[in-house]
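Asker: I'd like to ask you about the structure that follows.
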Amino acid sequence: MNKVVNDFSITVGTKNGSGSSTANNTILRSIFKMGIPVSGKNLFPSNIQGLPTWYTIRVNKDGFVARREVQEIVIAMNPDSFARDLASVAPGGAFFYADDIKQPMTRTDVAAYAMPVKELVRKDPNVPSDFRDLVGNMVYVGVLAQMIGIDLEKIQSALHFHFKGKQKPIDMNMNAVRAGAEWAQANLEKKDPFYLEPMNKTEGMIMTDGNTAAALGSIYGGVQFAAWYPITPATSLAEGLNDYLPQLRKREDGKHTYAVVQAEDELAAIGMTIGAGWSGLRSMTSTSGPGLSLMTEFAGLAYYTEVPIVVWDVQRVGPSTGLPTRTSQGDLSFTAYLGHGDTEQIILLPGDVYECFEFGWKAFDIAERMQSPVFVLSDLDMGMNQWMSKPFKYPDTPMDRGKILWEEDLEKIKNNWGRYLDTDGDGIPYRTVPGNKHPLSAYLLRGTGHDEHARYSEDAALWAKNMDRLKTKYDTAENFVPKPIIMKTPGAKIGIIGYGSTESAIEEARYQLEKEHGVKVDFMRVRAVPFTAEVDEFIRTHDQLFVVDMNRGGQMHKLLAVSHPESATKLIKVAFNDGLSATASWVRESVLMKTNGRPSSAKKAAAKKTIAKKAAPKKAVSKKAVKESAAKKATPKKKGAK
Amino acid sequence: MTEALPMAGIAPAQVNLAGLAKNDYRGAPSTLCQGCGHNSISNQIVSALYEMDTRPEDVVKFSGIGCSSKSPTYFLNRSFGFNGLHGRMPSVATGALFANAKLKGIGISGDGDTASIGMGQFKHVVRRNLNMVYIVENNGVYGLTKGQFSATSEKGLALKKQGTNPYMPVDICMEAIASNATFVARSFAGDPKQVKELLKAALAHRGIAVLDIISPCVTFNNQSNAFHSYTWGKDHEEPLHDITYIAPRSEIMLEEEMKEGEVREVALHDGSTIILKNLDKDYNPTNRWDALRILEEAQKNDWLVTGLIYIEPDKPALTDIYNLVDTPLNRLTEADLRPDPASLDKINGLMF
Ligand SMILES: Cc1ncc(C[n+]2csc(CCOP(=O)(O)OP(=O)(O)O)c2C)c(N)n1
Ligand code: SF4
Ligand SMILES: [Mg+2]
């Protein structure tokens, strides 16, 4: 049997609320500490206790950490999902299960290992009975560690981190890990090929989730006011502010330079945020689709009255309550025009946790510079899952407070100042804020038509002129929003355009396309709307462009097509969303299909496993069947079950 | 920096202790109907602040949408203001007043804006005890959308095109007290003296001060026995909803100030009446239970009880709870707001 080293996926099936997240995070962190590139994704139901939940860890020596459809190692702790979990192991894979689950072992093509979880935990007199289930999860950590080679020392340090150095829980959990490992060493014979070996590929890296990164980024951006209403998957962003603000903005006098308010709903959350932004505070709110829907009227008001605010939308699957605990890029179109009338919003699109931090602070600079709402679209996968990252980089530019006038500033230009007067020709006027004592500073903000001095007006010409200025201002935003990231392959004539968390899948697909199929593809990751000149240039200089969207309609595809009508026919929609994050094989197959009308021929085995199964389970894979199923994005076997 | 601004009205003869003339407190000329109760409330706001020597720069105006919510344009030109969305004034005010905890908010709303679409935000801003005078210019009708029922329209009220209101009205004062308001009062726009005195008390209160001011709509709430209104007049019944012509009317003013404990019927233009009941001399406004009791009693008698109904002066206002720095938050700079690079190294070290 050929060893498979540092290149496989592990999935753990447990019950929601059983406390498995400590165990799973411990595995993830230990592997990370061994220097091996790794990612962890939690696939959880909208439920507090009882329903099945899965955690998938991908280990990849080359650094690709997107989701894969295949799992080589499966750990089954939940009787309710046992059959599904067993069915999901790749042929030749390994299957670990708690031996108190008395269900038929129907597969002979996997290495099966029964673990006496309950027995081992009961043996430890130091584990109180109501902690047994919780600690039981650590037994599988120990068994797995022994069988694939996770360093126990790394586990110890992962637990130390998790329990913030508290010795009692560290010991209790570590004892269960050891018990599992020792038992496995004494009783199990290795029948599968999967091994971990230490590397040095995570040195200097950090591991965190996008919501924590966004909260920290906002704090380094000087957030002063945040209002929010709880909603998965955005909740942990606001809670991150609550966690870190007291430490990071601690002052000697013990007083606060910020306020975080849990509002009564999202209408109030954005209303408060707008009030604070209007008054000159760096002000933000965070939400997800349903909350964003409620914020619509206010979003239009803020656009029209030119109030700087930052709105984080950690996207989940809609419409409606949808799949509240699954990931999506479904809010792009909605956000681009959020508000009635001629509203156009500025959108930032972070691609990873590093950029969640970076855009966290930059969003305030852009909002205050543009005197406009700035929406930052993250998603559940980025926001709530653990990702490796370069360490966060300290802001490299001073805060940009934009065109704000205090008393002495206003005194200088008072003869040529109106709240909505465009003296610089960039569409951005100068603003004053409450508390300014200059007798000319005050104005009444109104959502109704207004003239350059903010006075009520229904004049047709004035209305049109003001809307034109707002358009000029929106164009000016192109100079301030992040430019796209462009990756070139010499000789490539086609390109992929993506955004947000699909980057990891697209990068992997590009690698496979070139290495395994000889297809050279450039890649542009769009990072903001409105689109900058670099986006136009990339589109202009490629023959064919695949626009990857994690939604049904191809929302980025539409935005690009509308803003580049002359190139619209070059833009090919690659769009799908079922709540699971994008995979490299889906991107790869979609590109192959649309470049030469067929899926990867060389990869028959893989195609069979990952693509054709649903469409043509028995027959040899017909081209048509593959085409259809690949076009719909290969549905992994497990997906149907979840 | 106190140079005179071109203001509506005539040049003032006098200045107050802040060195300002009454004109410095005025706003643009009103575009509301002549005789609208809302106008006289604006006038009393001007007078109250002038007499209290408050600097307009220390006040921020807020409103929602409605005829009532337009009125911040008509007073305090020298104060910042935010005329936002229908029913959402409280949230905007909440965020804005964090920027400078020394600023006093004056929120203007209507009965529709507060008790219909905005009931949620109203109750929550009351619960949070924001440092703001919250004035409901209550006419029992939607003025700006031309005469629909509001949540404070009394049961049985019949309006053109609306039929008869089948629901009991919301009592704004009761709602405020139920939400733990720290200052609750009711008045009548036609009793300017009481309005002004209550305004002064409300402005002096730190925390939320809810003022429910009955403010007749001359144009739409025209049912002859309506609580909040007087009709257009019997001979004008037909064109009521066509406001291409609005006859000039004068505001209803009490000829004589109400005495403590007095119950008085007030005749409206069309001969209909409302009954005002001034609070008794020995009424104790610091007892929540009593406050609810007199409101209940008034409802039974079809009275509109006026005066200071409830006050709890010592509860901290919203921003007080947050232990903010003395400098207004909106004057803080990068040095106060951006943690140093060393702290980020530490954070990175903690990210496993
Ligand atoms: C979201 C929304 N819905 C409806 C309206 C239409 N609208 C404007 S004012 C108003 C009612 C105002 O009534 P009230 O608050 O009592 O004010 P009044 O005009 O009587 O002073 C309505 C329904 C609106 N502006 N916004
Ligand atoms: S319609 Fe009624 S509420 Fe509106 S301005 Fe006229 S009188 Fe006042
Ligand atoms: Mg009304």
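The values are calculated or read from the model by the stated rules, or taken from the named source; none is laboratory data. Nothing here was measured: the structure is a model prediction, and the numbers come from that model. Cβ: placed from backbone, ideal geometry, glycine included. Neighbour counts: every protein chain shown. Keep in mind that these areas ignore ligands, DNA and RNA; they rest on the heavy atoms of the full protein, side chains included. Shrake-Rupley method; radii C 1.70, N 1.55, O 1.52, S 1.80 Å.
Asker: Looking at the protein assembly as shown, what % of the alpha carbon pairs are farther apart than 51 Å?
Answerer: Percent of Cα pairs beyond 51 Å in the protein assembly as shown: 32.
Asker: Right, next: Taking Cα centroids, how far is the stretch A:119-156 from the stretch A:179-220 in Å?
Answerer: 16
Asker: Once neighbouring chains are kept in place and the probe is 1.4 Å, which whole percent of the accessible area of the protein assembly as shown is contributed by carbon and sulfur?
Answerer: The nonpolar share, carbon plus sulfur, comes to 52 percent.
Asker: Turning to a different aspect of this structure: Angle between the Cα long axis of helix A:132-144 and the longest principal axis of chain A, 0 to 90 degrees, nearest 10?
Answerer: 70
Asker: Lys/Arg Cβ at +1, Asp/Glu Cβ at -1, dipole of the stretch B:22-350 taken about the Cα centre: which of B:ALA204, B:SER69, B:ILE214 is farthest positive-ward?
Answerer: After comparing all options, I get B:SER69.
Asker: Please compute how much accessible surface disappears when A pairs with B, both sides summed, using a 1.4 Å probe, and round it to the nearest 100 Å².
Answerer: Interface area, both chains combined: 5900 Å², rounded to the nearest 100.
Asker: Let me ask something else. Mind listing the long-range amide H neighbours of B:PHE75? Cut-off is under 5 Å, sequence gap 5 or more, other chains count too, H placed in the peptide plane at 1.01 Å from N.
Answerer: Those qualifying (amide H under 5 Å, at least 5 residues apart or on another chain) are B:GLY27, B:ALA28.
Asker: Whose amide H sits under 5 Å from the amide H of A:ASP379, counting only residues 5 or more places off or on another chain, with H placed in the peptide plane?
Answerer: Long-range HN contacts for A:ASP379: A:GLN315.
Asker: Let me ask something else. So what are the ³J(HN,Hα) numbers for the stretch B:88-93, from phi and the Karplus equation (6.51, -1.76, 1.60; θ = phi - 60°), rounded to whole Hz, Gly and Pro as x?
Answerer: With the stated coefficients, the stretch B:88-93 comes to 10, 4, x, 5, 4, 4 Hz.
Asker: Using a 1.4 Å probe on the heavy atoms of the protein chains only, list every residue of the stretch A:378-416 that has 40 Å² or more less accessible area in the complete assembly than in its chain alone.
Answerer: Output list: A:PHE392, A:TYR394, A:MET399, A:TRP406.
Asker: Let me ask another. Excluding ligands, DNA and RNA, what is the solvent-accessible area per residue of the stretch A:208-389 at a probe of 1.4 Å, expressed in Å²? List each step's numbers first, then the result.
Answerer: Details: 4070 Å² over 182 residues.
Per residue, the stretch A:208-389 has 22 Å² of solvent-accessible surface.
Asker: Round to the nearest 10 and give me the degree value, 0 to 90, for the angle of helix A:460-476's Cα axis relative to the longest principal axis of chain A.
Answerer: The answer is roughly 40 degrees.
Asker: Relative to the longest principal axis of the C-alpha atoms of chain A, give the angle of the C-alpha long axis of helix A:266-278, reported between 0 and 90° and rounded to the nearest 10°.
Answerer: Between helix and principal axis, roughly 50 degrees.
Asker: Antiparallel DSSP bridges in the protein assembly as shown: what percent, to the nearest 5? Provide the component values of the computation, followed by the final result.
Answerer: On the way: 42 of 129 bridges.
In the protein assembly as shown, approximately 35 percent of DSSP beta bridges are antiparallel ones.
Asker: Still on this structure, please answer the following. For chain A, calculate the relative contact order in percent as a whole number, restricting contacts to Cα pairs under 8 Å that are 6 or more residues apart.
Answerer: 11
Asker: If I take every Cα pair under 8 Å that is 6 or more residues apart in the stretch A:208-389, average their sequence separation and divide by the length, what percent do I get for the relative contact order?
Answerer: It rounds to 32 percent for the stretch A:208-389.
Asker: Okay, moving on. What residues in the stretch B:99-127 lose 10 Å² or more of accessible surface when the other protein chains are added to their chain alone (1.4 Å probe)?
Answerer: With the partner chains in place, the stretch B:99-127 has these residues losing at least 10 Å²: B:ALA99, B:ASN100, B:LEU103, B:GLN121, B:HIS124.
Asker: Between A:ASN187 and A:GLN247, what is the FRET efficiency for a Förster distance of 60 Å, r being their Cβ-Cβ separation, to the nearest 0.05?
Answerer: Given R0 = 60 Å and the Cβ-Cβ separation, E is 0.80.
Asker: For the stretch B:154-175 and the stretch A:6-25, what is the centre-to-centre distance using only Cα atoms, to the nearest Å?
Answerer: Result: 58 Å between the Cα centres.
Asker: Per DSSP H run of at least 4 residues, take -39500 (n - 2.57); add these up for chain A, divide by its residues and hand me the 222 nm value, nearest 500 deg cm²/dmol.
Answerer: Helix contribution divided over all residues of chain A: -11000 deg cm²/dmol.
Asker: Please work out the Cα center distance from the stretch B:303-350 to the stretch B:42-109, rounded to the nearest Å.
Answerer: Spelled out, the Cα-based centre of one part sits 20 Å from the other.
Asker: Using amide H atoms built 1.01 Å from N in the peptide plane, name the residues 5+ places from A:ILE496, or on other chains, whose amide H lies under 5 Å from its own.
Answerer: A:ASP522, A:PHE523, A:MET524, A:PHE546
Asker: Past the 29 Å Cα-Cα mark, which pairs from A:LYS33/A:LYS102; A:LYS473/B:LYS104; A:LYS15/A:LYS190?
Answerer: Violating the 29 Å limit, Cα to Cα: A:LYS33/A:LYS102; A:LYS473/B:LYS104.
Asker: Apply the Karplus curve 6.51 cos²θ - 1.76 cosθ + 1.60, θ = phi - 60°, to the phi angles in the stretch B:313-327 and return the couplings in whole Hz, x for Gly and Pro.
Answerer: Whole-Hz 3J(HN,Hα) from phi for the stretch B:313-327: x, 9, 7, x, 6, 3, 5, 5, 5, 8, 6, 7, 4, 5, 5.
Asker: Follow-up question, since we're still on this one. Work out which residues of the stretch A:262-284 lose at minimum 50 square angstrom of accessible surface when the other protein chains are put back, relative to the chain isolated, with a 1.4 angstrom probe, and list them by number.
Answerer: By number: A:GLU264, A:MET272, A:TRP278, A:LEU281.
Asker: Could you go through the stretch B:347-352 in sequence order and give the Karplus-derived ³J(HN,Hα) for each residue, using 6.51 cos²θ - 1.76 cosθ + 1.60 with θ = phi - 60°, rounded to whole Hz, and x for Gly and Pro?
Answerer: Taking θ as phi minus 60°, the curve returns 4, 4, x, 7, 7, 6 Hz for the stretch B:347-352.
Asker: Let me ask something else about it. Hey, if you put +1 on the Cβ of every Lys and Arg and -1 on every Asp and Glu Cβ in the stretch A:407-479, which of A:ALA477, A:ASN416, A:LEU440 ends up farthest toward the positive end of that dipole?
Answerer: Toward the positive end, the furthest listed residue is A:LEU440.
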